[in-house]
Structures are given as structure tokens and as C-alpha cells.
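Colleague: One structure coming up, written as C-alpha cells, with questions to follow.
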Amino acid sequence: MKKFTKLTGTAIPLDRANVDTDAIIPKQFLKSIERSGFGPNLFDEWRYLDHGEPGMDSSGRPINPDFVLNKKRYQGASVLLARENFGCGSSREHAPWALEDFGIRCIIAPSFADIFFNNCFKNGILPIVQSGDVVNRLFKACESTEGYQLTVDLTAQTITTPDGESFDFEVEVFRKHCLLNGLDDIGLTLQHVEDIKAYEVRRKLEAPWLFV
Amino acid sequence: MAAKTLYDKLWDAHVVRSGDDGASLIYIDRQLVHEVTSPQAFEGLRLANRKPWRVGANLATPDHNVPTTDRTAGIEDPIARLQVETLDKNCDYFGITEFKMDDIRQGIVHVVGPEQGATLPGMTVVCGDSHTSTHGAFGALAHGIGTSEVEHVLATQCLIQKKSNSLLISVDGRVADGVTAKDIVLAIIGEIGTAGGTGYAIEFSGEAIMALSMEGRMTVCNMAIEAGARAGIIAVDQTTIDYVEGRPYAPKGDQWTMAVEAWADLHSDADAKFDKVVHLDATIIKPQVTWGTSPEMVIAIDATVPNPADETDTVKRTGMEAALKYMGLQANVPINQVKIDRSFIGSCTNSRIEDLRAAAGVAKGRKVAESVKQALVVPGSGLVKQQAEAEGLDKIFIAAGFEWREPGCSMCLAMNADRLGAGERCASTSNRNFEGRQGQGGRTHLVSPEMAAAAAIAGHFIDVADLETLAEGIEG
Ligand code: SF4
């Protein structure tokens with residue numbers, strides 16, 4: 001997994017509540033057995049005017065000029081500003097894969113759907129919850145200032161705006177540790193092999209039917 | 001000892017190790033696997049030279065991508081075929097039991113697990129699919145996970161988790177005749193919203209819930225995720241035990257006796273504390289229909305489409321306006337006048353035998369309206385299909401003009417050939433009415449199996465009770 005320490009990047013505002021993972025990466029792209037290459041199909045149905053299918057070359061497709069991802073001023077953005085309940089719906093990890101492949105490393109929203117929130121951390125993306133007020137202000141500033149950049153510092157747990165204003169954010173200790181060091185969960189869990197085995201021995205006595 | 005909620009009990013029984021920061025290592029008893037969210041997990045396992053920790057804890061079946069028409073020629077779509085073949089190969093390679101496409105036991109994972117007794121009370125159940133919440137109907141702690149976690153469970157039989165808060169939703173009193181489990185859960189989501197359960201494990205209780213069959217309870221828990229909760233659970237009672245007894249994976253003999261004794265404790269203690277409690281009056285719930293692009297945009301069948309102008313919250317109002325535009329609906333129109341193009345009876349919410357019986361009961365002796373392009377019935381598993389055929393339900397559907405298909409997810413998410421065209425309106429028994437869910441530009445209205453059948457016959461949304469009067473009107 002890619003490490004996340006400190007990032008300064010262009011912010012892009014996606015002004016819609018309840019953005020679901022079907023919208024982030026439509027189902028036809030879930031047929032892939034790969035883990036990468038989903039970036040060109042991020043928000044496919046909103047981003048292009050035609051219907052996208054896996055295997056298509058997206059570079060020549062007609063784009064929807066009104067969709068924020070297609071606006072020139074937001075090219076190369078790495079911080080996504082979003083609204084309530086971002087990432088709801090299906091558990092598909094293809095959603096964070098697509099965001100990461102596109103270049104998004106941090107998402108700031110008033111709330112996230114649980115599974116999506118969790119999936120972000122597994123893929124080097126930092127989801128940050130901020131109050132509706134703060135998110136509103138960031139949206140306004142970002143929409144009115146071309147080249148608006150935010151600095152996200154995971155160690156210090158702060159978001160800093162171009163005028164030097166700074167907001168603190170919360171992150172779970174374990175998740176922070178994994179992101180900062182780019183650690184793989186499986187390796188960490190396997191340090192506790194003896195605990196897992198002891199649990200199984202104990203549980204087999206209590207509930208043997210679970211082990212047949 | 002302090003009083004515990006059912007969630008506390010399930011959690012405590014599965015903690016392998018608690019960290020000092022609130023993240024615990026939780027043991028997983030059962031993992032269900034399907035073709036869409038597993039290939040990258042198996043690949044990861046292979047790349048790291050790891051093996052499944054406990055092969056027998058996993059059970060696999062393809063469901064999302066399989067065709068629901070004749071399968072003898074295999075899967076036509078080469079990309080879908082590769083994905084299903086990849087599942088077959090991975091399961092063969094690692095020795096995981098898989099009900100392959102030509103196996104009578106194949107079906108939607110959330111139908112297959114309970115049907116086989118592979119989902120048991122007191123278990124932790126996971127699957128790379130958000131509707132894993134379904135299995136909570138058995139007093140099991142069940143939730144969806146991402147592909148990285150599928151790999152984590154394969155490799156370690158554990159998950160790193162933080163305990164959720166607890167939310168009790170009590171549906172008090174009894175529902176009126178003709179009001180189904182689907183109507184109850186849609187009414188709940190209408191009440192608490194699609195983010196109302198975020199961060200919580202929901203326990204559903206109350207007279208109306210405990211009066212439901214296991215099929216009905218699964219319908220309710222299935223949609224816990226649509227209320228934002230990863231897990232929905234229901235206490236174990238005699239209904240649960242009767243359903244589980246005798247199923248292929250259920251304990252037998254002495255172990256059965258021992259298990260039933262242990263399961264008697266799978267309920268919240270009388271004085272257990274929940275972080276939040278919501279009460280709903282069952283007696284006022286009517287048959288429900290969604291009108292928008294989120295399951296919380298739901299109204300009763302005798303209501304009119306809401307008017308965004310009446311909404312004071314700007315974010316909500318914009319959401320409503322966008323939903324009406326996408327759905328091609330006008331504010332204030334009575335929903336029972338809205339015409340449909342297709343009807344879909346199926347999905348892990350409503351494709352079990354009881355759902356098919358209910359829909360067939362409505363379809364019997366009637367005909368799908370001329371104006372309806374397609375009415376599809378897709379059983380949840382090969383065994384559900386077999387049972388329905390033994391009861392003659394297939395004949396009732398076919399005689400009425402419905403199509404009778406092979407088991408799979410089908411038009412629930414339209415990954416195979418079953419899908420809506422742009423602008424087409426569908427009465428669907430599935431669980432998500434998001435934009436494009438059933439096909440790009442398609443318009444989904446979530447309803448019960450009874451209403452999906454009734455709408456196919458009337459050509460528009462209708463209260464099943466009014467179908468009688470409609471028929472009499474035509475005859476008279
Ligand atoms: S039936 Fe629909 S909701 Fe259920 S698992 Fe399949 S695609 Fe997902």
C-alpha cells in the first residue's frame with residue numbers, strides 16, 4: 001500500500017449528497033479481474049456522454065463538459081471535496097481503486113458510508129470527516145478560487161488552506177499508523193497467529209459445530 | 001454481570017484480541033465468496049504465497065454475472081465468462097467448496113448461505129458484498145467487506161474491526177393484512193434515512209418483526225445497509241431454529257442439541273442499553289413504493305409524489321429535484337397512476353420461495369398488461385427454482401405472461417443481459433434505486449413481490465387490494 005504522510009494538492013468539489021459506489025465506478029467495470037486501470041472510468045456515467053464498456057479506449061470518448069471532473073481548472077486534483085454519505089451502496093473496493101488510479105488521495109466530506117470509509121484506508125486514501133460548515137466553506141473557497149490547493153498533514157492531523165487557515169481532523173490511531181507507514185494489514189494480523197490459534201482451541205470446545 | 005445487547009454478545013464471543021486503540025481482531029466463522037469481489041483477493045493471496053487459514057470456513061458460488069437464460073452454451077459475454085471461470089479456478093486451486101453454475105445449489109450468495117444452513121445463529125458471517133447484512137436475520141453478526149478484507153479473512157480468518165454503536169429499531173404492534181416485510185423495511189428507511197444507521201449495528205425487534213418468517217426477516221436485514229448500517233440483526237427464536245434444522249450444513253445429533261441450547265441466549269437482555277432506540281408503529285405502515293433515486297425517497301401506495309418546493313433544507317431540495325428529473329416524474333402525482341414498462345421479481349431481497357409464492361398468488365389467473373414490455377421472475381437459487389416448480393408456481397407465472405428464469409442477481413444490478421433501457425420504468429423487488437442501477441437511464445421503483453406482480457398486471461403501481469376491484473370493474 002502507498003504511504004500517506006503529507007499532501008499538497010488541487011481540490012475538486014463534487015457537489016452532490018449520497019454519491020454511491022455505483023456512480024463512482026459503474027457495474028460493467030466490475031467484471032475486471034484486475035486491481036488497477038479503473039481511473040479512466042471513475043464516475044463514467046457522469047463524465048462521458050456515451051455508454052462506457054470495459055476494454056474501451058476512453059481517450060477518444062465524448063465528454064460531458066459540465067461535469068466537474070472535466071473542467072480544466074481541476075485537472076490533476078488529488079483532494080476531493082464531497083457531501084453527506086459519500087460512498088454509500090455497494091461494498092465494491094473498485095470505488096477506491098478508481099479514485100486512487102485517477103489520482104485522488106484524500107476525500108473531505110461531512111460523512112461517509114462505513115464500508116467505503118474502511119476501504120479507503122486499505123488503499124492509501126485518507127477520508128476526512130469535517131463538519132458541514134467547514135465543508136461548505138471549503139466548497140465555496142474552492143469554487144471561487146482557481147488553482148485552490150489544500151495541504152493535508154496526516155502526522156499533525158491538519159488541513160491547511162492557501163490563506164494559512166487550518167482545521168484539525170480525527171483519525172483512528174491504528175489506521176493512521178498503517179497509512180503513515182504503508183503497512184499491509186495481513187502482515188500485522190499474522191503477528192498474532194498464536195492468539196488466533198488459542199481462540200480456535202477455546203471456541204472449538206464451546207461451539208464445536210462451527211468447525212465441521 | 002452487566003446486561004448485554006445481542007450485538008454485545010456476538011461481538012464478545014468473537015474477540016481474538018483487543019488493541020488499546022479500540023480496534024479488535026475479530027474471528028470470522030463463515031465467508032461467502034462470489035466472482036466479482038474475489039479475483040483480486042485470491043491473486044493477492046497467491047502473490048504473497050499464502051494459503052487460506054481455514055478452507056472449510058469458505059463457501060463460494062457465482063451469482064452477479066451468470067446468465068439467467070439457457071446456460072447450456074455457457075456465458076456469452078467473454079469478460080463475464082472470464083470472471084466466473086476465474087472463480088472456478090481459484091476455488092479449485094485453493095480447495096474451496098463452490099456451487100458452480102451448473103450445480104442445482106448455485107444461486108445468489110445471500111440466498112444460498114441460509115438455504116444450506118451455512119449461515120447459523122451466533123456466527124460471524126462476511127462476504128465481499130454489502131447485502132451480507134441479510135444473514136443477521138439468524139442472530140448472526142454479518143456484514144459486507146471490501147476485497148482487501150476478503151483477502152484478509154482468507155489469510156487469517158480474522159478482521160480488524162472497531163465495535164459499532166448499537167441502534168434498536170422496534171416495530172411495535174402488528175402490520176395490516178397485505179403489508180409485507182419489504183414494506184416494513186422501506187418504511188423504516190423512510191423514517192431514519194439512508195444514513196440513519198451509519199456507524200451502528202441495528203437490532204430489529206418488536207412484535208411485527210418477530211411475527212415474520214425467516215424469509216421476511218432476511219428481507220428486513222438485507223436492507224439494513226440501505227439505512228447505512230453494515231449489520232442488521234434479529235434475535236433467535238423458535239422460527240429461526242425451525243428454519244435451520246435439517247439443512248445440509250446445520251449441526252446434527254448431539255451437536256444440534258448443544259447448539260440449540262447455546263442459541264437460546266442469542267437475544268438482548270431485558271435491561272440492555274442501546275446507544276439509540278427508534279420506535280415505529282406497525283399498524284400505520286402501508287404498502288410502500290420508492291419514487292426517487294435513494295431508498296429513503298419512499299411513500300405509501302396511496303400517497304402522491306412529494307413536492308421539492310415543500311422542502312426547506314437546500315441540499316435535500318436539490319436532491320429531490322434531481323431525483324424527480326431522473327425519474328421523469330412530476331410532483332404531486334398520485335404514485336398509483338404511474339405506469340411501468342417492466343417488472344422484476346428477484347434479488348437477494350425478495351427471491352426466496354415465500355416471495356415467489358406471494359407473487360404467484362397475485363399473478364394467478366391474471367395477465368400481465370399489454371403495455372408492460374417484460375415481467376421477469378428470477379429465483380434466488382437453483383433449489384428455490386426447483387421448489388417453486390414442484391409447487392407449480394412456474395406454470396402460474398408463465399400462464400400470466402411472466403418470464404421464468406435461471407437463478408442469479410440478474411436485473412438487480414444488470415451486470416448480465418437483463419437490464420432496463422434508458423427511460424424505462426421498473427417495479428422492482430430489489431434493494432437499490434440508484435441512478436443507472438438496473439441499466440443506464442433506467443428508473444427503478446422498489447416494491448414488495450406482491451406489488452411488483454400487481455403492477456405488472458395493472459400496468460401501473462397499485463395496492464394489491466385494489467387489484468380485485470379493478471378486475472371486477474373490467475368484468476362488470
Ligand atoms: S441480488 Fe443484487 S443486491 Fe443482492 S447480491 Fe446480487 S447484485 Fe447484490
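Colleague: Normalising by the residue count of the range B:170-264, find the relative contact order in percent from Cα pairs under 8 Å and 6+ residues apart.
Modeller: So the answer I get is 30 percent.
Colleague: If you don't mind, another one. Share of antiparallel DSSP beta bridges in the range A:6-181, in percent to the nearest 5?
Modeller: Restricted to the range A:6-181, the bridges split so that about 50 percent are antiparallel.
Colleague: List nothing, just return the count: lysine pairs in the range A:6-181, 8 or more apart or interchain, with Cα separation under 25 Å.
Modeller: 10
Colleague: Turning to a different aspect of this structure: Run the numbers on the range B:393-476 and let me know its relative contact order in percent, using alpha-carbon pairs under 8 Å that are six or more apart.
Modeller: Rounded, it is 19 percent for the range B:393-476.
Colleague: Still on this structure: Could you name the lysines in cross-link range of B:Lys273, using Cα to Cα under 19 Å and dropping any fewer than eight places away on the same chain?
Modeller: B:Lys4, B:Lys9, B:Lys162, B:Lys163
Colleague: Also: Just to confirm my numbers, what's the Cα centroid distance between the range B:171-186 and the range B:411-447 in Å?
Modeller: Between the Cα centres of the range B:171-186 and the range B:411-447 lies a distance of 24 Å.
Colleague: Setting aside same-chain residues fewer than 8 positions from B:Lys51, which lysines have a Cα under 20 Å from its Cα?
Modeller: Correct list for B:Lys51: A:Lys197, B:Lys89.
Colleague: Here is a further query. Give me the net charge of B:Leu154's neighbourhood, meaning all other residues with Cβ under 9 Å from the Cβ of B:Leu154; Lys, Arg count +1, Asp, Glu -1.
Modeller: Result for the neighbourhood of B:Leu154: +1.
Colleague: Could you tell me what percent of the accessible area of the range A:49-135 is made up of carbon and sulfur, with a 1.4 Å probe and every protein chain present?
Modeller: 51 percent
Colleague: Another question about this same structure. Report the antiparallel proportion of the DSSP beta bridges in the protein assembly as shown as a percent, rounded to a multiple of 5.
Modeller: Given both bridge residues lie in the protein assembly as shown, the antiparallel proportion sits at roughly 35 percent.
Colleague: Excluding the sites themselves, what is the longest stretch of chain A that contains no GluC sites (Glu not before Pro) in a DSSP loop with at most 15 other C-beta atoms within 10 Å?
Modeller: A:35-145
Colleague: Computing the accessible area with a 1.4 Å probe over protein heavy atoms, can you report the carbon and sulfur percentage for chain B?
Modeller: 50 percent
Colleague: Separate question: Let a ≥ b ≥ c be the square roots of the eigenvalues of the Cα gyration tensor of the range A:6-181; is it rounded (a/c under 1.5), or, if not, prolate (a/b larger than b/c) or oblate?
Modeller: Oblate.
Colleague: With every protein chain kept in place and ligands, DNA and RNA left out, what is the accessible area per residue of the range A:70-212? Probe 1.4 Å, answer in Å².
Modeller: Using a 1.4 Å probe on heavy atoms only, each residue of the range A:70-212 averages 40 Å².
Colleague: Another question, if that's okay. How do B:Arg443, B:Arg46, B:Arg405 stack up against each other in accessible area, from largest to smallest, with a 1.4 angstrom probe?
Modeller: B:Arg46, B:Arg443, B:Arg405
Colleague: Let me check something: with ligands and nucleic acids excluded, how do B:Met1, A:Met56, B:Met451, B:Met210 order by accessible area (1.4 Å probe), largest to smallest?
Modeller: B:Met1, A:Met56, B:Met210, B:Met451
Colleague: As I understand it, the dipole of the range A:6-181 uses +1 on the Cβ of Lys and Arg and -1 on the Cβ of Asp and Glu, about the Cα centre. Which of A:Pro40, A:Cys88, A:Ile108 lies farthest toward its positive end?
Modeller: A:Pro40
Colleague: Right, another one. Work out which residues of the range A:97-143 lose at minimum 10 square angstrom of accessible surface when the other protein chains are put back, relative to the chain isolated, with a 1.4 angstrom probe, and list them by number.
Modeller: Listed in order, they are A:Trp97, A:Phe112, A:Asp114, A:Ile115, A:Asn118, A:Asn119, A:Lys122.
Colleague: Now a separate question. Before anything else, pin down the relative contact order of chain A: Cα pairs under 8 Å, at least 6 apart, normalised by residue count, whole percent.
Modeller: It comes to 25 percent, rounded to a whole number.
Colleague: Using a 1.4 Å probe on the protein heavy atoms only, what accessible surface does A:Ser58 show? Give it in Å² to the nearest 10.
Modeller: 10 Å²
Colleague: Rank these residues by their accessible area, most exposed first, probe 1.4 Å: A:Ile63, B:Ile188.
Modeller: If we order A:Ile63, B:Ile188 from most to least accessible, we get A:Ile63, B:Ile188.
Colleague: Same structure, new question: Accessible surface of B:Asp177 in the full protein assembly, 1.4 angstrom probe, to the nearest 10 Å²?
Modeller: 150 Å²
Colleague: A follow-up question, please. Which value, in Å², gives the accessible area per residue of chain B when a 1.4 Å probe is used on the protein heavy atoms?
Modeller: 35 Å²
Colleague: Take the alpha-carbon centre of the range B:218-264, take the same for the range A:1-74, and report the distance between them in whole Å.
Modeller: So the two Cα centres are separated by 40 Å.
Colleague: If you don't mind, another one. Quick one: Cα centre-to-centre distance for the range A:100-127 and the range B:1-78, in angstrom?
Modeller: 21 Å
Colleague: Additional query: Run the numbers on the range B:410-453: which residues show a drop of 50 Å² or more in accessible area, chain on its own versus all protein chains together, using a 1.4 Å probe over heavy atoms?
Modeller: B:Met415, B:Phe434, B:Glu435, B:Gln440
Colleague: What is the sum of charges around A:Gln130, taking Lys and Arg as +1, Asp and Glu as -1, for the other residues whose C-beta is under 12 Å from the C-beta of A:Gln130?
Modeller: Result for the neighbourhood of A:Gln130: -2.
Colleague: Also: Please identify every one of the trypsin sites (Lys or Arg not before Pro) in the range A:24-110 that sits in a loop by DSSP and has no more than 15 other beta carbons within 10 Å of its own beta carbon.
Modeller: Sites meeting the loop and neighbour criteria: A:Lys71.
Colleague: Now, a different point. Find me the longest stretch of chain B that has none of the exposed GluC sites (Glu not before Pro), where exposed means in a DSSP loop (not H, G, I, E or B) with at most 11 other Cβ atoms within 10 Å.
Modeller: Between exposed loop sites, the widest span is B:77-369.
Colleague: For B:Thr69, what accessible area in Å² do you get when you roll a 1.4 Å probe over the heavy atoms of the protein chains, rounding to the nearest 10?
Modeller: So the heavy atoms of B:Thr69 present about 70 Å² to solvent.
The values are calculated or read from the model by the stated rules, or taken from the named source; none is laboratory data. Here the structure is a predicted model, which is why all the values come from computation and not from measurement. Cβ atoms come from the backbone with ideal geometry, glycine included; neighbour counts cover every protein chain shown. We work out accessible area using only protein heavy atoms, side chains counted, and drop any ligands, DNA or RNA first. Shrake-Rupley method; radii C 1.70, N 1.55, O 1.52, S 1.80 Å.
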